[in-house]
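Below is one structure, written out as structure tokens, with a few remarks after it.
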Amino acid sequence: MKSFAKILLTLTIGVFLLSLAGPVFAQEKMSMEEYNKQLADWQAREAAAKAEITKVDAEIEALKKELGDLDAQVASEWDAIYALVGTDKAGVDAYRNQLKALEGEVDGLMALSPEELFKRRAEIDALQARLDELKNSKIAALTEMQDLIAVIEGKLTQLRGRMPQAMYTEYNVEKGDYLWKISGKEDIYKDPMQWMRIYSYNREQIKDPDLIYPKQVFKIHRENGPNEYLVAKGDFLAKISGAASVLGDPAQWRKIYEANKDIVGEDPNKIYPYTVLRVPK
């Protein structure tokens with residue numbers, strides 16, 4: 001009974017509240033005068049917004065025209081710059097692409113080991129020669145190109161810094177060793193006749209080829225460095241000096257002789273195969 005009484009009381013209160021809310025809802029209805037006033041306000045705001053849009057559109061068009069004028073001025077300035085360097089935009093683009101391609105080749109060498117770099121030193125020299133040739137162009141005077149050239153030159157310098165001046169391994173002299181014996185070993189030259197190669201390459205510490213001592217550490221020449229030449233059978237100083245990779249002039253043979261007099265001796269006509277000569281630059 002108590003529960004029923006509570007439900008009945010709740011329903012009664014609800015009906016009473018709805019009866020009170022009726023007039024409130026009725027009061028929220030807008031009169032025609034209020035509607036017309038609000039409509040006029042919206043129309044005024046719409047007209048103001050349209051006017052503002054028209055104003056902004058006009059400003060945008062003015063800015064576009066100003067940007068177009070600036071673009072024309074910039075294009076005119078670039079035409080003048082192109083004329084100074086004797087080319088056009090296509091020429092500058094082509095030049096930039098050449099530098100980028102060159103940089104890509106240099107980057108391809110950056111991951112190589114020092115030994116591999118040494119073996120490919122001629123390729124590095126060729127890249128340097130190509131860069132030097134590109135630097136002769138008037139286009140190289142452009143700031144962008146100067147910056148790119150500087151980057152490539154920096155990378156080439158890094159490559160040369162990592163590249164050993166010469167290729168050699170080391171050998172620890174043992175008791176009973178002599179140059180002929182060392183040269184004939186399997187892990188050296190497998191040829192006793194190349195003992196002169198060891199002697200000439202270690203001239204600073206071998207004063208007499210018949211006198212070497214245990215615990216001396218010899219450099220075992222493997223490949224020529226940039227300023228080295230390995231004498232072959234039939235070579236003579238004028239022939240060596242005339243080689244393009246050496247001095248390119250047979251008449252300068254005496255420069256090679258003076259640089260190697262301690263090994264060649266007093267007679268410049270007597271040089272021996274497998275002698276490692278220093279090449280003065």
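For this structure, a couple of remarks:
- Checking each residue in the stretch 190-205 for being part of a loop (DSSP other than H, G, I, E, B), buried (at least 19 other Cβ atoms within 10 Å of the Cβ) and touching a helix residue (DSSP H, G or I) at 6+ places or on another chain (Cβ under 9 Å) picks out no residue at all.
- If you go through the stretch 64-75 and pick out every residue that is small (Gly, Ala, Ser) and over 33 Å from the mean Cα position of the chain (by Cα), you end up with 2.
- Extreme residue, nearest to residue 141 (Cα to Cα), among residues of the stretch 102-113 that are loosely packed, with under 11 Cβ neighbours inside 10 Å and more than 10 Å from the chain's Cα centre (by Cα): 111
- From the list 122, 126, 111, 101, the lone residue that is more than 30 Å from residue 168 (Cα to Cα) and of a type in the set (A, V, I, L, M, F, W, C) is 101.
- Among the candidates 206, 149, 139, residue that is touching a Phe, Trp or Tyr at 6+ places or on another chain (Cβ under 6 Å) and more than 24 Å from residue 230 (Cβ to Cβ): 139
- Filtered by the rule that a residue be closer than 15 Å to residue 231 by Cα and either in contact with a His (Cβ under 9 Å, 6 or more places away or on another chain) or exposed (fewer than 12 other Cβ atoms within 10 Å of the Cβ) (or both), the stretch 245-260 gives a lone residue, 245.
- Some residue of the stretch 99-111 being under 30 Å from residue 219 (Cα atoms) and touching a Lys or Arg at 6+ places or on another chain (Cβ under 9 Å): yes
- Tally of residues being closer than 22 Å to residue 191 by Cα, in contact (Cβ under 8 Å) with a residue 40 or more places away in the chain and not in a loop (DSSP other than H, G, I, E, B) across the stretch 222-281: 8
- Which numbered condition residue 41 misses (of (1) assigned to a helix (DSSP H, G or I); (2) more than 30 Å from residue 142 (Cα to Cα); (3) modelled with pLDDT under 75): (3)
- Criterion violated by residue 177 - all others in (1) modelled with pLDDT of 95 or more; (2) charged (D, E, K, R); (3) in a helix (DSSP H, G or I) satisfied: (3)
The values are calculated or read from the model by the stated rules, or taken from the named source; none is laboratory data. Note that the structure is predicted; figures quoted are calculated from it, not measured. Don't worry about glycine lacking a Cβ; one is built from the backbone with ideal geometry, like all the others, and counts go over all protein chains shown.
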